[in-house]
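Engineer: Got a structure here, written out as structure tokens. Questions coming.
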Amino acid sequence: MKSLENKVAVVTGGNSGIGYAAAADLVSKGAKVIVTGRNKEALTKAETELNVTGIVADQSDLKAIDNLVDQVKSQYGKVDILFLNAGIAAFAPLDAASEDHYDSIMSVNVKGVYFTVQKMLPILNDGGSIIFNTSVNAQLGMPNSSVYAASKAAVLSLNRVFAVELASRKIRVNAVSPGPIETPLYGKVGLEKEEVEGLGAALGQKILLKRFGRASEVAKTVSFLASDDASFITGTEIVVDGGLTVNAVL
């Protein structure tokens with residue numbers, strides 16, 4: 001029997017990158033998977049390639065979250081696994097960051113995450129698993145990442161508080177914090193190709209394993225946290241960064 005057979009999983013932002021890889025891995029372990037995203041074309045592609053259900057939903061829009069919950073409840077009744085993966089990354093120095101920059105990141109990465117969990121609770125099975133996709137940026141103090149880093153630090157705080165609040169329902173709440181991962185995200189953060197390549201080279205010297213991670217490697221961590229193999233793990237963060245955050249060598 002597959003480890004997640006008969007489980008229903010929702011993966012937000014599941015039409016690309018880490019979310020796509022997580023959806024694929026959850027399906028391979030027997031779960032019925034719903035993926036969300038804002039791009040209908042990408043969702044249709046994911047449905048075809050992964051054998052998942054795609055639902056268009058903008059995480060920053062609370063009405064869209066309500067609609068998502070209604071559709072999931074109508075089609076599947078209950079949910080066992082919730083992977084809060086959807087998020088945006090944008091960078092700006094403190095002296096140039098605008099209100100729009102701040103609001104757009106916080107609206108998706110914090111408010112959207114918070115209310116997705118809240119609104120999913122009535123259809124989340126007791127004994128279920130909530131997993132947040134956070135980031136090592138919450139700890140690194142990387143220049144120009146103040147708002148993005150703060151948004152991920154906020155989610156790590158939610159991770160701990162929700163673990164306490166939901167313990168009575170035996171719902172486990174955990175976070176996975178990736179380091180540099182080979183995903184389309186690096187092409188969407190407003191950096192030129194040369195800047196992305198330069199960042200990759202610099203990080204490559206700091207990562208103990210001397211390479212970027214793969215989305216599939218994060219996905220396996222998500223599937224582990226979703227499964228009974230992690231039945232005594234809650235309120236914690238698993239860092240998947242190839243040793244970046246423990247490398248003190250300058």
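Every read-out reported here was derived from the displayed coordinates using simple, explicitly stated rules and does not represent laboratory data. Small disclaimer: the values here were computed from a predicted structure and weren't measured. All Cβ positions, even for glycine, are placed from backbone atoms using ideal geometry, and neighbour counts span all protein chains on display.
Engineer: With labels modelled as points extended 7 Å from the Cα through the Cβ direction, what inter-label distance (nm, one decimal) is found for Arg160 paired with Asn247?
Structural biologist: My value for the distance between the label points is 2.8 nm.
Engineer: What order do you get for Ile65, Ile105 when you list them from fewest to most C-beta neighbours inside 10 Å?
Structural biologist: Placing the least packed residue first, the sequence is Ile65, Ile105.
Engineer: While we're on this one: If you restrict to DSSP beta bridges whose two residues both lie in the chain, what percentage is antiparallel, to the nearest 5?
Structural biologist: Of all bridge pairs located within the chain, approximately 0 percent are antiparallel.
Engineer: Let me ask something else about it. Once fully extended, how much extra length lies between Phe232 and Gln118, figured as 0.36 nm per residue of separation less the alpha-carbon to alpha-carbon distance?
Structural biologist: 38.7 nm
Engineer: When the Cα centres of the stretch 99-138 and the stretch 216-239 are compared, how far apart do they sit, in Å?
Structural biologist: Cα centroid to Cα centroid, the span is 17 Å.
Engineer: If you don't mind, there's one more thing I want to ask. Top mean-square fluctuation among Asn174, Asn144, Asn159, Gaussian network model of the chain, C-alpha springs under 10 Å?
Structural biologist: Fluctuation is largest for Asn144.
Engineer: Given Cβ point charges of +1 (Lys, Arg) and -1 (Asp, Glu) and nothing else, what value in debye, to the nearest 20, does the dipole of the stretch 8-242 about its Cα centre take?
Structural biologist: With only Lys, Arg, Asp and Glu charged at Cβ, the dipole is about 600 debye.
Engineer: Follow-up question, since we're still on this one. Zone of Asn125 (label point 7 Å along Cα→Cβ, backbone N under 14 Å): which residues in the stretch 201-232?
Structural biologist: Counting only backbone N, you get 226-229.
Engineer: Looking only at Glu165, Glu47, Glu237, which one moves most when the chain is put into a Gaussian network model with springs between Cα atoms under 10 Å?
Structural biologist: Glu165
Engineer: If the chain between Asn51 and Asn67 were fully stretched, how many nm would it gain, using 0.36 nm times the residue separation less the Cα-Cα distance?
Structural biologist: Full extension of this stretch gives 3.6 nm more.
Engineer: Just Thr236, Thr36, Thr134 to compare: in a GNM of the chain, with alpha carbon springs under 10 Å, which one fluctuates most?
Structural biologist: Thr236
Engineer: When the helices in the chain are scored as -39500 (n - 2.57) per DSSP H run of 4 or longer and the sum is shared across all residues, what 222 nm value do you end up with, to the nearest 500 deg cm²/dmol?
Structural biologist: So the calculated ellipticity at 222 nm is -13000 deg cm²/dmol.
Engineer: Would you give the gap between the C-alpha center of the stretch 51-79 and the C-alpha center of the stretch 1-45, rounded to a whole Å?
Structural biologist: Centre-to-centre distance over Cα atoms comes out at 13 Å.
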